[in-house]
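The values are calculated or read from the model by the stated rules, or taken from the named source; none is laboratory data. Nothing here was measured: the structure is a model prediction, and the numbers come from that model. Heavy atoms of the whole protein, side chains included, go into the accessibility calculation; ligands, DNA and RNA do not. Shrake-Rupley method; radii C 1.70, N 1.55, O 1.52, S 1.80 Å.
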Amino acid sequence: MTAEQKIVMLHKRKLRNRQSAARSREKHRRMLQEVISEIDELQAKSDSVLKKCDTFAAENQSLREENINFVRENGMLRMHLNRLLASENSAQGMNPMIAATGGTTWNSTMPSQMQQSMGSIGPYIPMPQTMAQTMQQTMPQTLQQTMPQTMQQTMQQTMQQTM
């Protein structure tokens, strides 16, 4: 090989190396762009999921607070019912165990929709007819003292439907 041929081969090798390095740099740029776009997509999805999570957490907190209010209302209504049952039983001079065997049942005074939703496992709380009358007379007064206006209206409507 002559010196001139060596220079030509060296020049061709440098040219191939430069072309290979250029292809390698371009491939690296494309891969970097793909990774950056994938990161952007994942960041957008992450932001969306976090936003949904915050929304669900707020809704969950709201539902928990609503549940607490319902539990309180339920306890208050049970307390009033127990007081009324106790006062009715004492006014009639009835033993609570004897009262449990007579009168109409709470289920029979409930609206049919409530009975259907409770099914056969609903409570069996005896309610003599005089008890139903006493509740109808005394419940509105008790409600005004202890419940907010909207709950009073709902309870009064329910009482009218059940009597």
*Might you work out the accessible area of residue 55 for me, using a 1.4 Å probe with all protein chains in place, and round it to the nearest 10 Å²?*
80 Å²
*asked:* I'd like the Karplus ³J(HN,Hα) series for segment 27-40: coefficients 6.51, -1.76, 1.60, θ = phi - 60°, whole numbers in Hz, and an x wherever there's a Gly or Pro.
replied: 4, 5, 4, 4, 4, 5, 5, 4, 5, 5, 5, 5, 4, 4
_In sequence order, calculated HN-Hα J values of segment 2-19 (Karplus, 6.51, -1.76, 1.60; Hz; x Gly/Pro)_ = 8, 5, 5, 5, 5, 5, 5, 5, 5, 5, 4, 4, 4, 5, 5, 4, 5, 5
_Computed lengthening from residue 47 to residue 83, 0.36 nm per intervening residue step minus Cα-Cα distance_ = 7.6 nm
*Under the Karplus curve 6.51 cos²θ - 1.76 cosθ + 1.60, θ = phi - 60°, whole-Hz ³J(HN,Hα) for segment 61-78, x wherever Gly or Pro sits*: 4, 4, 5, 5, 5, 4, 4, 4, 5, 5, 5, 4, 4, 4, x, 5, 5, 5
